[in-house]
1. Please give the helix 230-242 orientation as an angle from the longest Cα principal axis of the chain, in degrees from 0 to 90, rounded to the nearest 10.
2. For the pair ALA575 and SER143, how long in nm is the line joining their label points, each one 7 Å along Cα→Cβ?
3. Could you give the angle, 0 to 90 degrees to the nearest 10, between helix 316-330's Cα long axis and the longest principal axis of the Cα atoms of the chain?
4. Name the longest site-free stretch of the chain, where the excluded sites are chymotrypsin sites (Phe, Trp or Tyr not before Pro) in a DSSP loop with no more than 14 other beta-carbon atoms within 10 Å.
5. Once you have the Cα-Cα distance between ASP229 and VAL179, take 0.36 nm times their residue separation minus that, and quote the gain in nm to one decimal.
6. In this model, which of LYS125/LYS316; LYS422/LYS453; LYS403/LYS604; LYS36/LYS373; LYS368/LYS604 are farther than 28 Å apart at the alpha-carbon?
7. How large is the helix-only mean residue ellipticity at 222 nm for the chain, computed as the sum of -39500 (n - 2.57) over DSSP H runs with n ≥ 4, divided by its residue count, in deg cm²/dmol to the nearest 500?
8. Please give the Cα centre distance for region 541-556 versus region 662-710, rounded to the nearest Å.
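The values are calculated or read from the model by the stated rules, or taken from the named source; none is laboratory data. Everything numeric here is computed off the predicted structure, so don't read it as measured data. Neighbour counts run over all protein chains shown; Cβ positions are idealised from the backbone, glycine included. In case anyone asks, the SASA skips ligands and DNA or RNA and just uses the protein heavy atoms, side chains included. Shrake-Rupley method; radii C 1.70, N 1.55, O 1.52, S 1.80 Å.
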Amino acid sequence: MRAQRLQEPLIAYILYVPCWGLQHLHNNRIIHRDVKGNNILLTTEGGVKLVDFGVSAQLTSARLRRNTSVGTPFWMAPEVIACEQQYDYSYDARCDVWSLGITAIELADGDPPLAEMHPVKALFKIPRNPSPTLAQPDQWCRSFSHFIGQCLIKDFEARPSVTHLLEHPFIKQAQGKDVALGQQLAALILEQHDQGRQARTKHERINTRKTLIIESSPDDDLVNLEFLDEETIISHLQKRYNELQIYTYVGDILIALNPFQALSIYSPQFSKLYHGVKRVDNPPHIFAAADAAYQGMVTFCKDQCIIISGESGAGKTESAHLMVQHLTFLGKANNRTLREKILQVNPLVEAFGNACTAINDNSSRFGKYLEMKFTPTGAVMGAKISEYLLEKSRVIKQATGEKNFHIFYYFYAGLYHQDKLKSYRLPDKIPPRYIDSQHCKVMQDIVTSKLYKDQFDEIRECFRIIGFTEEEVTSVYRILSAILNTGNIEFAAITSQHQTDKSEVPNSEALENAASLLSIGHEELQEALTSHCVVTRGETIIRTNTVDKATDVRDAMSKALYGRLFSWIVNRINALLQPDMNICAAESGMNVGILDIFGFENFKRNSFEQLCINIANEQIQFYFNQHVFALEQMEYQSEGVDASLVEYEDNRPILDMFLQKPMGLLSLLDEESRFPQATDQTLVDKFEDNLRNKYFWRPKRVELCFGIHHYAGKVLYSVNGFLERNRDTLPADIVVVLRTSENKLLQQLFSSPLTKTGRRRRLHHLRPSLITSIISLPLSVSISIDQTFPEPLHAAKWRRR
Ligand SMILES: Nc1ncnc2c1ncn2[C@@H]1O[C@H](COP(=O)(O)OP(=O)(O)OP(=O)(O)O)[C@@H](O)[C@H]1O
Ligand SMILES: [Mg+2]
């Protein structure tokens, strides 16, 4: 009915029938809660019907009010919106009167007020704006404006009921004339039909450029499906995937399927397309999710958090990049350099923290929480990263078919092509042991792969753009090459008459190389590797290390060097991207955080690292369950809706099994790690004795192994090396030697421990054990989410649009 203006008597007639309907509902203590043009049905005979009772609520004599924020944003009454933020607030049946008033404006003007706005923003504006009016009140009779004014009294206690409205002169004009007005309406509908005009919502089509897929459809949101069982969902997603529609909503959540091919849907054109528009205007997209977070932040002045979850290789990191791309576009600061810097953060950190695994060529081997900082007006002003649980064991050893962290190959190829391998004391024929898991094929790749060389150039650019100095970058390269040389240090046993447990370094070349690159004395390094100090009763005794022990110390030193280097890079990035306090005080800024962790893993052989990764994923799953099911179910219950059919797997018991103190798996592991005599065998026995539940089992006839039934499936873990990896000890002798370095960066790395954001702790704060940092990943994340998550719109609300 957009093509031509409706006459007032017809509008009165179209409103008169729902008024009667609402009076009937309200008399029976039912609130409709979704009155709007789309829910008023006009039949070809000129009949009018109020339809769709999907979010209606039954009031009881004990409970005459409601407090669930439900409805379609533009039509929602201020008091209903207020319930989203204020839990002690409530509303009654007069919220339908407000929606009726908005519908009256919609019938007259063609759209509800604020229709051009993003729905989240509209929700913010409605309670703050004065009551809306017709766009051009002088073109309508005063009685109509008065009727709307009555419906849209902001204080609902002062707003009339529908029974009162039925007495309003504007509505009363339809009384007794329903047959004639019905006929008039039927004729108008017929006329429109003949002219081929169809009542269509503006949301259907917005652009016809062929290169863009811009059609949105009801099956964009799984919530619109009639049946929501697993089979239907999968076949629905499969169908969309076949058409390269990789994104689908399910209420507030965006499902992204990995296309494994480059799609042309991430260009600046698309960023513009998804900028500040209503969600239904375009098909689901990762930019729409980023846009919703940004709009939510600007509109409600509240920090936002985006959580990306999925198994390894699902596309989390790519999605995080795309979010940063869109948020950088949205938060256009005049400062172009800052934007460029922010875009370099992910590639740089990922070169050091990602690696090729059996599942994913670019697998994240650490958890990353990137906060983009904005001014109150939404201009980007800085960024901050927190890193969790870098898989340091990868530095010294990789599983078959896997590789070390990317940076080692990039940097090796870069030095090779610049003919600088010699100055970093690296061989050009036989690759260092730490990167030689593929038996010499590596060297061939390093020499021939254009990708490695290009990546090296890119990383150099990242360092430069973000603001690292030449001196710092050279120090980073020196440490990387020192690690590779350290891996080549070999030990041999010295057997003398009295001693059999002594070791030496028969070939000192690698040792001297490593020491020189680290700017420390090679004799001191050798001593720290092959012996250790013990203080007994005030006396310092030097004990020798066996070959095995020396090898462990060597590898522990390499892991520590890499881990601390990584934290230092994070620290520098944070310092260089710190918001400029002249632009905006830290406390008035807001941020959008993006959590991208390593995905759930189940390899042929799973070790300590997989356990840590999977526990973190278990925590994320718990968070999702809480937000998607548990809270929604509580809301259903408060609405009196039978939610018993909504079954979901609550993974709290598994989490408890891991995290409980003192008898959870992690506490038991920490406890056993403190016993010097403990072995992997005593550890697995301890697990078996104490973890008696259906999620833990010990397979028969497989030594040193246990199984966990995770939310995502059953995983068998090999306990080999669990204790050692959890202890993650670095002998004090090594720390002392490294502190003697003349290299400023190295001095910094070992002068005090670093925090997750790379800041230096004061010395009296001990480095947290690995286990503590596992626990603090998910917990600190969920805390920050709970504090910042804006509780956006629930599925029920969107369902009715
Ligand atoms: N939107 C996309 N478009 C094109 N390719 C994609 C997209 N998302 C993912 N991919 C492809 O899938 C690969 C794996 O994705 P990604 O590294 O993001 O997975 P992940 O979920 O972060 O895995 P992990 O948990 O191992 O870190 C990417 O390297 C890329 O080739
Ligand atoms: Mg990843």
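1. Value to nearest ten degrees: 80.
2. It is 7.6 nm.
3. Helix 316-330 sits at roughly 60 degrees to that axis.
4. 261-647
5. 13.4 nm
6. Over 28 Å apart, Cα to Cα: LYS125/LYS316; LYS36/LYS373.
7. -14000 deg cm²/dmol
8. 27
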